[in-house]
Amino acid sequence: MDSEACISFPVLGEPAPDFEAETTHGPITLSGLKGKWVVMFSHPADFTPVCTTEFMAFASIYEELKSLNVQLIGLSVDSISAHLAWVHDIREKMGVQIPFPIIADLNMKVANKYGMIHPGQSSTAAVRCVFFIDDKGIMRAMIYYPLQNGRFMPEIIRLVKALQTTDKYKVSTPANWQPGDKVVVPPPKTTAEMEKRPSEGYECKDWYLCFKKI
């Protein structure tokens, strides 16, 4: 078996697998996008109901992602011709312009590098994955969905903002965090830091759980 055809999975905190691919906007490489964050998502097939609703939804958040220095990229194992026809159909029938590139991955090279093919779902279609890659090319988050269920766009925006907040302020974000909410201060690492914590001006529930506004 060709080693490039072997299914692998990216790992959080490690460099995202590089690739070169043809898209509806021309050829791209992941390494060529260094300096930008990348949100890459896969869909099972063009001209399908759930995928069509998702593409319109991704189009609706494109500008907000762009303002966050994020390049949005779609992918399926369909051809460029199929992608172009589908994009045209969405614009003509739904009135929605698809502004982001869509990778044509007929040979499944990118899909296999990113673990998008799950035989329990389909051996010929990518499941619904979302990969969050930072501006240094590091894989920061991954979300996988089954073929039958569409994604929730506000969570994609929220997670990008959470990751960028973590990087900028060196903090963590608590459950259900939304931009503007308090963030979690890293816990003390020594006894001296623990004893100092109550005097540092944070909102503390206990020595290990403290919040602050940013």
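Computed extension length for residue 152-residue 12: 48.3 nm, one decimal, from 0.36 nm per residue of separation with the Cα-Cα distance subtracted. Whole-percent P(r), the stretch 94-189, all Cα pairs, 5 Å bins from 0: 2, 10, 16, 18, 18, 14, 11, 7, 3, 1, 0.
Considering all different alpha carbon pairs of the stretch 170-212, the Kirkwood hydrodynamic radius works out to 10.8 Å.
Fraction of C-alpha pairs exceeding 20 angstrom in the chain: 62 percent, rounded to a whole number. A simple packing score, the average count of other Cβ atoms within 10 Å per residue, orders the peptides 108-116, 171-179, 52-60, 29-37 as 108-116, 52-60, 29-37, 171-179, with the highest score first.
Once the C-beta distance of residue 67 and residue 189 is scaled by a Förster radius of 35 Å, the resulting FRET efficiency is 0.45 to the nearest 0.05.
Our summary gives the stretch 17-115 a relative contact order of 36 percent, counting only alpha carbon pairs under 8 angstrom and 6 or more residues apart. At full extension, residue 91 and residue 53 could sit 12.4 nm farther apart than now, given 0.36 nm per residue minus the alpha carbon distance.
No lab work stands behind these numbers, since they all come straight from the coordinates. The structure displayed is predicted, hence computed values, not measured ones. We place every Cβ from the backbone using ideal geometry, glycine too, and count neighbours over all the protein chains shown.
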